[in-house]
Amino acid sequence: MEHIAAFMILIACNEDYQTCTEQPAPAVAYETLRQCEEELSPSVRMMTGNSDHALGKCIEIDPALFYEDVEIVWDVSAKGEIEVALELINPEMHMTNLARSETDGETRRLN
C-alpha cells in the first residue's frame, strides 16, 4: 500500500468571501491525514482574530509530490468552502492536474 501524506491549508477571508489570503500552517506536511485533522480545528481557532472568516482544510497527497515543483491552487466559494488543486509545474509540458480536494470534503470554519 502506498503511503499518503497530507498538508493543511488555512485561509482568512473578509465578510463576503471576496478577499481571502492564505495563512501559515503549523507544519509543512503530515504523515497521515488524521494527524493533520487533529491540528486543524485548533489552527483555525487561532486565526479568528485576524479576519471575519477563518477556514481550514486538510488535503491528502502522494508524498512524492513534495519533491516535485507543484503549485497549490485554491479558491473559496461564496458559501465558504475551500477548493484545492495541486498542479505539476513542468516547463516542457502544460500543467497537469495531480490532486484535488473533494468538493464535498469538510472545510472547517469559524465565524
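The values are calculated or read from the model by the stated rules, or taken from the named source; none is laboratory data. Nothing here was measured: the structure is a model prediction, and the numbers come from that model. Here Cβ is always computed from backbone atoms with ideal geometry, including for glycine, and neighbour counts include all displayed protein chains.
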From the residues in the range 8-36 that are within 15 Å of Glu60 (Cβ to Cβ), in contact with a helix residue (DSSP H, G or I) (Cβ under 9 Å, 6 or more places away or on another chain) and not in a loop (DSSP other than H, G, I, E, B), which one is modelled with the lowest pLDDT? Tyr30
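Condition check ((1) among the charged types (D, E, K, R); (2) in contact with a Gly (Cβ under 6 Å, 6 or more places away or on another chain); (3) modelled with pLDDT of 70 or more; (4) in a strand (DSSP E or B)) across all residues:
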{"site": "Glu38", "(1), (2), (3), (4)": "yes, no, yes, no"}
{"site": "Lys57", "(1), (2), (3), (4)": "yes, no, yes, yes"}
{"site": "Glu60", "(1), (2), (3), (4)": "yes, no, yes, yes"}
{"site": "Gly80", "(1), (2), (3), (4)": "no, no, yes, no"}
{"site": "His94", "(1), (2), (3), (4)": "no, no, no, no"}
Considering only residues that are touching a residue at least 24 places away in the same chain (Cβ under 8 Å) and farther than 20 Å from Ala78 by Cβ, which ones fall in the range 1-22? Glu2, His3, Ile4, Ala5, Ala6, Phe7, Met8
Determine whether the range 18-35 contains at least one residue that is crowded, with 19+ Cβ neighbours inside 10 Å, under 17 Å from Val84 (Cβ atoms) and aliphatic (A, V, I, L, M). no
